[in-house]
Amino acid sequence: MTLRTGVVFVMGVATGIGAIALADRMVEPAAAQAAVKFESRIVLENDLVRVKDVTFPAGVADTGMHTHDLAHVGIILTDGALRFTDPNGTVETVTFTPGTVGFREANATHMVASAGPGAMRVIEVEIKRP
């Protein structure tokens, strides 16, 4: 192998490695977005209530279609909007301010996602009935 051929080979390898690194960086945001999910954690539970702290990330993830088996009260902690989709595909977007409170009866089925530019945080109080 001549010096010129060796230099060309090394430059080709370096260019290939650079292209792979660039491609990895270009794919990373989509992969990072796919990893972002809504978060729901129980912060209190007893015989009367189950309290959840729920965070809906900005426009990235939704809860998936689900049914609440208990009636629940939602207390909004942040400014923003939530997009509710019912099983028939009807979509309702609601804008909230901190301190807004809402109620849903048991057996409410929907999918929920943040519809605004920021994450939405909600305290959800599920009411256990005897």
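3J(HN,Hα) couplings calculated from phi for segment 75-83 with the Karplus curve 6.51 cos²θ - 1.76 cosθ + 1.60 (θ = phi - 60°) are, in sequence order, 10, 7, 9, 9, 5, x, 9, 10, 10 Hz; Gly and Pro show x.
Annotation for VAL43 and ARG129: the two label points, set 7 Å from Cα along the Cα-Cβ direction, are 2.6 nm apart. With distances taken between every two different alpha-carbon atoms, segment 39-127 has a Kirkwood hydrodynamic radius of 13.1 Å.
Read-outs throughout are calculated quantities, based only on the coordinates presented, and are distinct from any laboratory measurement. Bear in mind the structure is a predicted one, so any value in this text is a computation, not a measurement. Cβ: placed from backbone, ideal geometry, glycine included. Neighbour counts: every protein chain shown.
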